[in-house]
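The values are calculated or read from the model by the stated rules, or taken from the named source; none is laboratory data. Predicted model, so just to flag it, every value in this text is computed and none were measured. Reconstructed Cβ throughout: ideal geometry from the backbone, glycine too, with neighbour counts over all protein chains shown.
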């Protein structure tokens with residue numbers, strides 16, 4: 001009996017010991033991905049068109065040994081902005097008109113968050129000719145002045161950037177008259193001179209804007225509530241480019257402002273406005289908002 005008890009005690013101790021053992025895990029070799037290669041195939045490259053025939057389309061692929069995922073910055077803006085590079089490949093449309101240089105940056109991620117970074121410089125040609133009727137409606141083929149249309153609902157709206165509608169909020173008729181009437185009195189004059197385009201912003205009652213980093217208008221205070229702030233306006237060039245949003249209800253054309261002294265509707269640090277719809281008497285614009293993940297909508301009419 002004593003031997004049997006002794007054996008039972010040994011078995012209990014053995015089971016307890018095994019139960020208390022910590023399982024050990026290993027990530028294995030945490031060497032970063034190697035042999036990262038970036039290829040960029042510019043559409044339409046030939047002897048005649050060494051930078052492409054003007055579509056701006058570039059097929060980009062990345063591959064590295066032992067890579068689990070990739071992220072890419074296309075070099076199309078002044079700041080690094082990485083997005084996932086699914087399956088290591090994507091076709092990017094570069095829309096800045098003319099022949100321009102870009103630096104592509106790819107990060108290849110391996111086990112345990114290890115990473116390898118590589119850059120590649122490319123030169124791409126992008127041509128874009130806007131619809132002549134769009135130009136006529138916007139500029140009258142000479143000069144035309146627009147204002148925000150306070151007399152219609154939704155003349156200012158907000159929605160998610162990935163949903164082509166201001167589903168979060170829309171301004172009521174005359175909504176900003178009491179607090180910020182400068183929103184309605186500011187004039188935006190679009191001018192066509194030959195093949196060149198410019199915009200003049202005139203602010204008789206100041207600029208409707210936020211403050212600090214949410215605007216790049218010179219002279220606006222570093223802090224304060226949304227409202228009207230003294231601003232003398234400005235003049236600058238603009239160009240047309242193809243839209244990249246993929247919105248079907250759109251002219252598929254954007255206005256790119258070249259100067260931080262100019263803006264359309266709301267004085268923010270954004271310079272690319274997609275023309276969703278335009279006629280001789282109506283213009284509907286969409287622009288990425290200053291808050292991450294949102295878009296603003298603007299309805300304008302010609303100054304009477």
Can you give me the number of residues within region 181-201 that are touching a residue at least 12 places away in the same chain (Cβ under 8 Å) and surrounded by fewer than 16 Cβ atoms within 10 Å (Cβ to Cβ)?
2
Criterion: within 14 Å of residue 120 (Cα to Cα) and assigned to a loop (DSSP other than H, G, I, E, B) - qualifying residue of 76, 67, 40
76
Based on this model, can you work out whether residue 139 counts as assigned by TED's automatic domain parsing to the domain that holds residue 188, crowded, with 17+ Cβ neighbours inside 10 Å and closer than 30 Å to residue 188 by Cα?
yes
Of everything in region 266-296, what is more than 21 Å from residue 184 (Cβ to Cβ) and touching a residue at least 12 places away in the same chain (Cβ under 8 Å)? Give them in sequence order.
269, 271, 272, 274, 288, 293, 294, 295
Using the structure shown, decide if residue 178 is more than 17 Å from residue 284 (Cα to Cα) and surrounded by fewer than 15 Cβ atoms within 10 Å (Cβ to Cβ).
yes
If we scan region 160-169, do we find a residue that is surrounded by 17 or more Cβ atoms within 10 Å (Cβ to Cβ) and more than 30 Å from residue 36 (Cα to Cα)?
yes
What is the one condition in (1) surrounded by 19 or more Cβ atoms within 10 Å (Cβ to Cβ); (2) in a strand (DSSP E or B) that residue 277 does not satisfy?
(1)
Which one of 257, 214 is touching a residue at least 40 places away in the same chain (Cβ under 8 Å), assigned by TED's automatic domain parsing to the domain that holds residue 297 and out of contact with any strand residue (DSSP E or B) (no Cβ under 6 Å at 6 or more places or on another chain)?
214
Based on what the data block shows, is residue 97 modelled with pLDDT under 95 and not assigned by TED's automatic domain parsing to the domain that holds residue 284?
yes
Go through region 202-233 and give me each residue that's within 23 Å of residue 274 (Cβ to Cβ) and surrounded by 18 or more Cβ atoms within 10 Å (Cβ to Cβ).
207, 208, 209, 210, 215, 217
For region 129-169, which residues satisfy the criterion of being in contact with a strand residue (DSSP E or B) (Cβ under 8 Å, 6 or more places away or on another chain), free of Cβ contacts under 8 Å to residues at least 40 places away in the same chain and not in a loop (DSSP other than H, G, I, E, B)?
169
